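In what follows, a structure is listed as structure tokens, so that the remarks can point back to it.
The values are calculated or read from the model by the stated rules, or taken from the named source; none is laboratory data. Predicted, not measured: the structure shown is a model, and the values here were computed from it. Positions of Cβ are generated from backbone atoms using ideal geometry, with glycine treated the same way; all protein chains shown enter the neighbour counts.
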Amino acid sequence: MSELPNSFWFTLLTIVSYVLFFITLYIKREAILVPLLLGISGLIYVVEYLILVLLNSYTYNPNYLEREYLDNILGSVPSNFVSVPIAATIIAAFRLGWKWIIAIDLMFVAIEIGFLKMEIYFHHWWELAYTATLFPILFLISRYWLHLLRTAQVKWLRWTTVYLMTMSLIVTIDFFLVVFVEPLLFTPGWFEDPYKDHIAGSAMYYMFVLTPLFVFTTLRNWIWKGAAIGVIMVLDEILVYFKCLEIATFWTHGHFLFLNITLFILLKRLYRWTIVPGANFS
């Protein structure tokens, strides 16, 4: 066991990763690296939903939160949604070769071993060999992904990036809202733990309903955006009626509108960085 609090190691990993990412942005000055990072995070989220949420592959114990399941999911953020996608983005940005890929892969295996030794992370059916095998595959995919975004007009890839990036942002915002203010909870009844039930149920809604709505309407005029917000509000009411969603009394339509309008404004800039080849930060 480490003498330092569990949260120290997760926080350190997050800080180091973001410092390296901002250094990369400063050197490369390519706006496309931000959508790439968020797109990779979205791709990892789909995998994590299957292996962590549904199949219980491993457990994180950062001790950030008293609510055990939310603490577990929050612990996955520094690893799978910060350090790994940032490493993949850096490898892609600098076109790092096999020696770097293997070295970075071994570094992550060493971090995983360290977390296991300190008992701040536990395997259930997951194996170190899976990490060692899958990470280089992700790094190679990221290199080719960025190469195509930089050099080719591959529309399906750009819109796939848009979709994954949007989903990544939506699920992240939802998670932190639940952690800090709990404005709503999805209640599909799949799991006994209410927070696991929420994350499992909300993921389906965000992946197949909310994200496509935002992708389809963000670059259109505000009539389309307003229609999308109206559809979401109606769907929420239907879910509440069928007891698949609980909304806190303090969460008003004003909060909902502010959140969605802010998200539309943020996504519009990110979409342009993704869809327009060679876009800069202006």
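Taking (1) in contact (Cβ under 8 Å) with a residue 12 or more places away in the chain; (2) closer than 27 Å to residue 174 by Cα in turn, residue 15 satisfies each apart from (1).
On the given criteria, is residue 264 surrounded by fewer than 15 Cβ atoms within 10 Å (Cβ to Cβ), aromatic (Phe, Trp, Tyr), assigned to a helix (DSSP H, G or I) and under 22 Å from the mean Cα position of the chain (by Cα)? For residue 264, the condition - surrounded by fewer than 15 Cβ atoms within 10 Å (Cβ to Cβ), aromatic (Phe, Trp, Tyr), assigned to a helix (DSSP H, G or I) and under 22 Å from the mean Cα position of the chain (by Cα) - is not met.
In the stretch 171-243, counting only helices (runs of 4 or more DSSP H) that sit wholly within it, the ones holding 3 or more residues that are over 30 Å from residue 275 (Cβ atoms) span 194-205, 222-241. Could you please let me know if residue 136 is outside any helix (DSSP H, G or I) and either over 22 Å from residue 59 (Cα atoms) or touching a residue at least 24 places away in the same chain (Cβ under 8 Å) (or both)? Considered against the rule, which asks whether it is outside any helix (DSSP H, G or I) and either over 22 Å from residue 59 (Cα atoms) or touching a residue at least 24 places away in the same chain (Cβ under 8 Å) (or both), residue 136 comes out as no.
Results for (1) of a type outside the set (Lys, Arg); (2) closer than 30 Å to residue 156 by Cβ; (3) out of contact with any helix residue (DSSP H, G or I) (no Cβ under 6 Å at 6 or more places or on another chain), shown as yes or no for each residue.
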residue	(1), (2), (3)
214	yes, yes, no
222	yes, yes, yes
251	yes, no, yes
261	yes, yes, yes
270	yes, yes, no
278	yes, yes, yes
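Of all the listed residues (164, 138), the sole one being farther than 11 Å from residue 35 by Cα, within 17 Å of the chain's Cα centre (by Cα) and at pLDDT 95 or above is 138.
Does residue 4 satisfy being farther than 17 Å from residue 169 by Cβ, touching a residue at least 24 places away in the same chain (Cβ under 8 Å) and of a type in the set (A, V, I, L, M)? Against the criterion (farther than 17 Å from residue 169 by Cβ, touching a residue at least 24 places away in the same chain (Cβ under 8 Å) and of a type in the set (A, V, I, L, M)), residue 4 does not qualify. In the stretch 76-113, which residues are assigned to a helix (DSSP H, G or I) and basic (Lys, Arg)? Within the stretch 76-113, just 99 meets the criteria. Residues considered: 201, 254. Of these, the only one that is of a type outside the set (A, V, I, L, M, F, W, C) and over 23 Å from the mean Cα position of the chain (by Cα) is 254. Determine if the stretch 116-124 includes at least one residue that is assigned to a helix (DSSP H, G or I), surrounded by 16 or more Cβ atoms within 10 Å (Cβ to Cβ), in contact with a helix residue (DSSP H, G or I) (Cβ under 9 Å, 6 or more places away or on another chain) and not charged (D, E, K, R). Scanning the stretch 116-124, I find no residue that is assigned to a helix (DSSP H, G or I), surrounded by 16 or more Cβ atoms within 10 Å (Cβ to Cβ), in contact with a helix residue (DSSP H, G or I) (Cβ under 9 Å, 6 or more places away or on another chain) and not charged (D, E, K, R), so the answer is no. Return the residue satisfying two criteria in turn: it lies in the stretch 169-224 and is of a type outside the set (A, V, I, L, M) and touching a Leu at 6+ places or on another chain (Cβ under 7 Å), and of such residues it is surrounded by the most Cβ atoms within 10 Å (Cβ to Cβ). Checked the stretch 169-224; the qualifying residue surrounded by the most Cβ atoms within 10 Å (Cβ to Cβ) is 198. Within the stretch 50-69, the set of residues being more than 16 Å from residue 138 (Cβ to Cβ) and within 15 Å of the chain's Cα centre (by Cα) comprises 53 only.
Among residues of the stretch 184-196 that are on the phi < 0 side of the Ramachandran plot, those with a beta-carbon under 8 Å from a residue that is aliphatic (A, V, I, L, M) and part of a loop (DSSP other than H, G, I, E, B) at least six positions away or on a different chain give the pairs 184/248. So, residue 87, is that one surrounded by 13 or more Cβ atoms within 10 Å (Cβ to Cβ), in contact (Cβ under 8 Å) with a residue 12 or more places away in the chain and closer than 23 Å to residue 12 by Cβ or not? Yes; evaluated as a whole, the condition is true for this residue.
Among the residues of this structure, residue 56 counts as one that is on the phi > 0 side of the Ramachandran plot and surrounded by fewer than 20 Cβ atoms within 10 Å (Cβ to Cβ).
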